[in-house]
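The structure under discussion appears below in the form of structure tokens.
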């Protein structure tokens with residue numbers, strides 16, 4: 001019998017090396033392949049079934065949470081994003097800019113004449129993509145965000161922005177205000193506390209309104225599937241954040257989140273309660289102890305509650 005040729009050994013070694021690299025860098029490989037792995041239509045042509053709020057044109061939905069707080073939704077966008085407009089007496093804050101699929105600026109202009117400061121919950125394209133109309137952008141002051149500044153301009157990295165999913169290029173912008181974690185944003189008669197809430201991404205931000213016991217949570221937590229497997233996601237950071245929020249926030253806090261929709265409900269601004277955060281804490285504890293059974297190869301999906309599923313990466317790249 002003739003021994004296997006060198007080219008066969010080389011081929012096998014090459015395949016094995018590629019597989020090892022793919023497993024080692026799975027979040028980045030998945031991100032690059034996501035347009036193929038998760039093909040999607042950007043905008044649903046159908047009129048969305050709203051449970052609350054109203055369509056203000058053929059794309060945007062507006063839901064009034066109280067006299068000075070609005071949820072602005074993209075119910076036809078495939079990720080069904082929601083941003084939040086929070087009004088004070090002197091200025092307004094927009095939490096997330098939308099995906100940029102349509103310009104959110106005119107809708108914000110309909111709702112307030114106050115000067116608007118934009119704060120994004122994190123740097124992914126579906127939250128930062130609509131930044132264009134806003135001259136006043138505030139950013140959380142962390143090493144990760146400061147590192148994105150060059151020549152006085154801010155530009156997120158490829159795997160911070162992830163615009164490759166929809167074929168989008170990262171924007172370049174000027175940061176008007178740097179916000180330290182636990183800082184207070186004074187809107188005039190209304191103050192918001194800036195919370196660093198890593199897990200989904202290292203630089204994720206939430207805003208807490210102590211007057212109304214509302215937490216605007218972005219993508220840290222929301223109904224449906226929590227993405228804890230993309231570049232920068234960390235289960236240990238997720239867990240530390242959950243425990244800190246459970247210890248610090250009142251039990252009646254409502255969490256207004258960024259992606260629709262709640263189980264068994266039609267489209268509206270997505271919300272969760274503190275018991276949902278507690279369910280996440282319990283699930284993360286069970287995952288750490290090896291007691292939570294998952295399904296799928298990558299991402300691996302774990303049950304949390306009726307409202308949530310947790311999608312994770314491999315243990316070695318999702319710590």
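A few points about this structure:
- Subset of region 273-307 [touching a helix residue (DSSP H, G or I) at 6+ places or on another chain (Cβ under 9 Å) and assigned to a strand (DSSP E or B)]: 302, 303
- Residue within region 58-78 that is buried (at least 18 other Cβ atoms within 10 Å of the Cβ) and under 30 Å from residue 316 (Cβ atoms) present: no
- Qualifying residue in region 89-102 (condition: assigned to a strand (DSSP E or B), modelled with pLDDT of 95 or more and more than 23 Å from the chain's Cα centre (by Cα)): no
- Among the residues of region 164-191, the ones that are surrounded by 13 or more Cβ atoms within 10 Å (Cβ to Cβ) and within 19 Å of the chain's Cα centre (by Cα) come to 8 in all.
- Hey, residue 310 under 18 Å from residue 237 (Cβ atoms) and part of a strand (DSSP E or B) or not: yes
- Hits in region 109-163 (condition: within 15 Å of residue 179 (Cβ to Cβ), in contact (Cβ under 8 Å) with a residue 60 or more places away in the chain and under 18 Å from the mean Cα position of the chain (by Cα)): 119, 120, 121, 122, 123, 140, 142
- Residues that are assigned to a strand (DSSP E or B), in contact (Cβ under 8 Å) with a residue 60 or more places away in the chain and within 20 Å of residue 272 (Cβ to Cβ) within region 61-88 comprise 61, 63, 65, 66, 69, 71, 73, 81, 82, 83, 84, 86, listed in sequence order.
The values are calculated or read from the model by the stated rules, or taken from the named source; none is laboratory data. All of these numbers come straight from a predicted model, not from anything done at the bench. We place every Cβ from the backbone using ideal geometry, glycine too, and count neighbours over all the protein chains shown.
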